[in-house]
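Undergrad: Take a look at this one; I'll ask things after.
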Amino acid sequence: QVQFVESGGGLVQPGGSLGLSCVASGFRFSNYVMGWFRQVPGKERELVALISGGTGTPTYISSVKGRFTISRDNAKKAVHLRMNNLKPEDTAVYYCNTAPRPIKEGTLDYWGQGTRVAVSV
């Protein structure tokens, strides 16, 4: 059974930092590209960063490049997102999943509960 457990979100002021973590289970983690996605109410979920399974090569969308760092620990089946210099537009619920397409359970995309990040004064 696939499972993602995300943690580390919270409320932070603009310019602050947060570190998100996700522990995965139920599939061969090291074989998959992993990503962090985010979603704002009323908008589609957005892939913000991904990391390859073998070499750990990261890729970022332009709006977070230079501020976010994705990493992974295949032995612990974990993927992390370090977020620095946070901006109000980073406010969202953050999810980890396989990337660029989410993993499926049966015919449906599986998502964890996510972790909420709020950037506000």
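The values are calculated or read from the model by the stated rules, or taken from the named source; none is laboratory data. Bear in mind the structure is a predicted one, so any value in this text is a computation, not a measurement. No Cβ is skipped: glycine too gets one built from the backbone with ideal geometry, and neighbour counts run over all protein chains shown. Note: areas computed on protein heavy atoms with side chains; ligands, DNA, RNA excluded. Shrake-Rupley method; radii C 1.70, N 1.55, O 1.52, S 1.80 Å.
Undergrad: Enter the Cα centre distance for the pair region 89-121 and region 60-79, rounded to the nearest angstrom.
TA: Centre-to-centre (Cα) distance: 14 Å.
Undergrad: Return one whole number: the accessible area per residue of the chain in Å², for a 1.4 Å probe.
TA: 54
Undergrad: Explain nothing, just the number: relative contact order of region 1-89, from Cα pairs under 8 Å at least 6 residues apart, as a whole percent.
TA: 32
Undergrad: Further, regarding this structure: For the chain, what % of the accessible area comes from carbon and sulfur atoms, probe 1.4 Å?
TA: Numbers: 3280 of 6590 Å².
Answer for the chain is 50 percent, counting heavy atoms of protein chains only.
Undergrad: Want the number for S62 to Q39: 0.36 nm per residue separation, take away the alpha-carbon distance, what's left?
TA: Gain on extension, S62 to Q39, equals 6.6 nm.
Undergrad: While we're looking at this one, here's another question. Hey, got a sec? Which GluC sites (Glu not before Pro) in region 14-121 land in a DSSP loop and have at most 15 other Cβ atoms within 10 Å?
TA: When the GluC sites (Glu not before Pro) of region 14-121 are filtered for loop state and at most 15 Cβ neighbours within 10 Å, E44 remain.
Undergrad: Turning to a different aspect of this structure: Run the simple label-point estimate for K104 and S71 please: 7 Å along Cα→C-beta, distance reported in nm.
TA: About 3.4 nm, to one decimal.
Undergrad: Then there is this: Taking trypsin sites (Lys or Arg not before Pro) as exposed when DSSP calls them loop (any state but H, G, I, E, B) and at most 15 other Cβ atoms lie within 10 Å, what is the longest stretch of the chain free of them, the sites themselves excluded?
TA: It runs 77-121.
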